[in-house]
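First the structure, in the form of structure tokens, and then the observations on it.
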Amino acid sequence: MATIAIANQKGGVGKTTTAAHLADGLARRGHRTLLVDLDAQGNCTSLFSDPPAREESVHELFRSSTPARDLARKTRNENLTLLPSVLELAEIETLLAGNVDGFFRLREGLQYPDGQGPDFVIMDCPPNLGLLTLNALVAAHYCILPILASRFSLDGIRTMLDTMETVRHRFHQDLKVLGALMTMFNDRTAISGAVLEPVEEMVPVFETRISRSVQVEEAHLMRQTLFEYAPSGKITGQYEALIQEVLNGIEKG
Ligand SMILES: Nc1ncnc2c1ncn2[C@@H]1O[C@H](COP(=O)(O)OP(=O)(O)OP(=O)(O)O)[C@@H](O)[C@H]1O
Ligand SMILES: [Mg+2]
């Protein structure tokens, strides 16, 4: 089982879109995949499921240590299961504050009896460095850092990398940055190129870049992924290439 956190404390950089497509795409390749929605906005959840009751959601894992295997629900993609989110997840930070095992709930909730776990766990993090993102980093073997090709996107990458370094030392020796992913990229604008270089100095960057495309919003409105909405679209191909890079990166260890 490989667990991958999709994290960046900045809002609107493409975390959810990356998580949903990585999970759906891996599952379409036959890998048993669990998508964990850690954002109270529930964007991943609404893409794959109706809204759950609070007791059927990831909230319950944090509240009562119910394991993920008892909460994950089926989706229309037979290899993809979803651990859905609810609005009340926003309260979990307060509920867990002061709990000694507060950082470990997700890691513990993702334990499976031998051979019964999914092949991949993809975690969609909220846009902050609170307890939910920290739970994801503590539970993760790998992290992907989506980065918007805009001039404000460099702020905060350092903070994110420092946070991962702390997690690596304090909680989990194995957390590896699989790469930064340039999202909503436009080869023709100077800004996209100007952002890429300083990012490359800080962290490995995936060769695959995700272009800006209206198809992303269109698919989202239809509650479909691009694999469903535009199977032969250019951006769908970019997600395929990303998945291959992720698989290669994990194989290399
Ligand atoms: N490649 C793309 N082209 C055009 N629009 C995109 C692309 N990727 C994402 N978007 C849109 O940009 C917005 C932000 O994307 P997304 O929700 O994936 O970011 P996020 O980092 O999860 O945001 P938040 O921090 O609020 O959780 C969404 O409306 C999404 O549909
Ligand atoms: Mg999101």
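The values are calculated or read from the model by the stated rules, or taken from the named source; none is laboratory data. Owing to the predicted nature of the structure, the values given are computational and were not obtained by experimental measurement. As a convention, Cβ positions derive from the backbone with ideal geometry for all residues, glycine included, and neighbour counts pool all protein chains shown.
Numbers below:
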| item | result |
| --- | --- |
| Residue in the stretch 81-88 that is of a type in the set (Val, Ile, Thr), under 15 Å from the mean Cα position of the chain (by Cα) and within 15 Å of ligand 2 (Cβ to nearest atom) present | no |
| Test: residue 152 is among the aromatic types (Phe, Trp, Tyr), closer than 14 Å to residue 10 by Cα and over 19 Å from the mean Cα position of the chain (by Cα) | yes |
| Top-ranked residue in the stretch 119-142 [being in contact with a His (Cβ under 8 Å, 6 or more places away or on another chain) and farther than 18 Å from residue 62 by Cβ; ranked as farthest from ligand 2 (Cβ to nearest atom)] | 119 |
| Selection count, the stretch 160-210, where residues are out of contact with any Asp or Glu (no Cβ under 7 Å at 6 or more places or on another chain) and either of a type outside the set (A, V, I, L, M) or free of Cβ contacts under 8 Å to residues at least 12 places away in the same chain (or both) | 28 |
| Qualifying position, being assigned to a loop (DSSP other than H, G, I, E, B), within 25 Å of residue 192 (Cβ to Cβ) and either of a type in the set (A, V, I, L, M) or in contact (Cβ under 8 Å) with a residue 24 or more places away in the chain (or both), among 30, 12, 25 | 12 |
| The stretch 180-195: number of residues that are buried (at least 17 other Cβ atoms within 10 Å of the Cβ) and either farther than 21 Å from residue 6 by Cβ or more than 16 Å from ligand 2 (Cβ to nearest atom) (or both) | 5 |
| Residues satisfying the stated conditions in the stretch 105-129, i.e. surrounded by fewer than 17 Cβ atoms within 10 Å (Cβ to Cβ) and out of contact with any strand residue (DSSP E or B) (no Cβ under 7 Å at 6 or more places or on another chain) | 108, 111, 112, 113, 114, 115, 116, 128 |
| Qualifying position, being of a type in the set (Asp, Glu), closer than 17 Å to residue 137 by Cβ and at pLDDT 95 or above, among 39, 24, 70, 101 | 39 |
| Any hit, the stretch 29-36, residues being under 13 Å from residue 124 (Cβ atoms), within 16 Å of ligand 2 (Cβ to nearest atom) and at pLDDT 95 or above | yes |
| The stretch 4-54, residues that are near ligand 1 (Cβ under 10 Å from one of its atoms) and of a type in the set (Lys, Arg) | 10, 15 |
